[in-house]
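Peer 1: To start, I am sharing the structure in question, which I have written as C-alpha cells.
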Amino acid sequence: VQQKLLAETTERTGINITCSYCDIQSTKFIHWYHQLPGRSPAFIALALKGSEDLQDPPGRLSVAPDRRSSTLRLTQPRLGDAAVYYCAVG
C-alpha cells in the first residue's frame, strides 16, 4: 500500500486521507487504523467496496470502484483526532 507521509488540516476543516494499492483480490478488505501519541494502533473501520459513514472519528470511508484506493474522510476533525493513520489490505 502507499500513503502520503503527511496530511495537515485545522480543527473542524475536513481532510481526506488516501491509501492506494494495486491488484488486490476482490475478497480482500481494506482496514483502517489510527495511532494516537503514546498508544498502540487502534482499529477504525474496514470496507470491501462502496462507502460507509463512520461514527468515531466522525467521517466517511470509501473504496474506489476500481478497488485501487480507499479514502478516509474526517469531516470535522478535532485536536484529539491528530494521529498516525494506517491502511492495510487483508
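Peer 1: Who wins for biggest fluctuation among G14, G80, G38 in a Gaussian network model of the chain, springs between alpha carbons below 10 Å?
Peer 2: G38
Peer 1: Something else now. If you compute Kirkwood radius over Cα pairs in Å for the structure shown, which of [x] 14.9; [y] 13.7; [z] 13.3 do you land on?
Peer 2: Calculated Kirkwood radius over Cα pairs in Å: the matching label is [z].
Peer 1: With just the Cα atoms defining each centre, how far is the range 51-90 from the range 1-15? Give it in Å.
Peer 2: With the range 51-90 and the range 1-15 each reduced to a Cα centre, they are spaced 10 Å.
Peer 1: Quick one: order L61, L48 from most to least accessible surface, probe 1.4 Å. List each step's numbers first, then the result.
Peer 2: Working: L61 0, L48 55 Å².
Largest to smallest exposure gives the sequence L48, L61.
Peer 1: Contact order normalised by length for the chain, with contacts defined as Cα pairs under 8 Å and 6 or more residues apart; what percent is it?
Peer 2: Averaging sequence separation for qualifying contacts and normalising by length gives 36 percent for the chain.
Peer 1: What part of the accessible area of the chain, given as a whole %, is carbon or sulfur when the probe is 1.4 angstrom?
Peer 2: Details: 3010 of 5900 Å².
The nonpolar share, carbon plus sulfur, comes to 51 percent.
Peer 1: How much accessible area per residue does the chain have, counting only protein heavy atoms and a probe of 1.4 Å, in square angstrom? Mind dumping the intermediate values first?
Peer 2: Values: 5900 Å² over 90 residues.
Roughly 66 Å² per residue, with all protein chains present.
Peer 1: Between P65, P41, P57, find the one with the highest GNM mean-square fluctuation for the chain; connect C-alpha pairs within less than 10 Å.
Peer 2: Checking each option, the largest mean-square fluctuation is seen for P65.
Peer 1: At a probe size of 1.4 Å, how large is the accessible area of T18, to the nearest 10 Å²?
Peer 2: Accessible area of T18: about 70 Å².
Peer 1: So, one more: If you build a Gaussian network model of the chain, linking Cα atoms that sit under 10 Å apart, which residue out of R73, R12, R60 swings the most?
Peer 2: R12
Peer 1: Same structure, new question: Excluding ligands and nucleic acids, what accessible area in Å² is computed for S26 using a 1.4 Å probe, to the nearest 10?
Peer 2: For S26, solvent-accessible area is about 90 Å².
The values are calculated or read from the model by the stated rules, or taken from the named source; none is laboratory data. Everything numeric in this text was worked out from a predicted model, so none of it was measured. All accessible areas refer to the heavy atoms of the entire protein, side chains included, with ligands and DNA or RNA removed. Shrake-Rupley method; radii C 1.70, N 1.55, O 1.52, S 1.80 Å.
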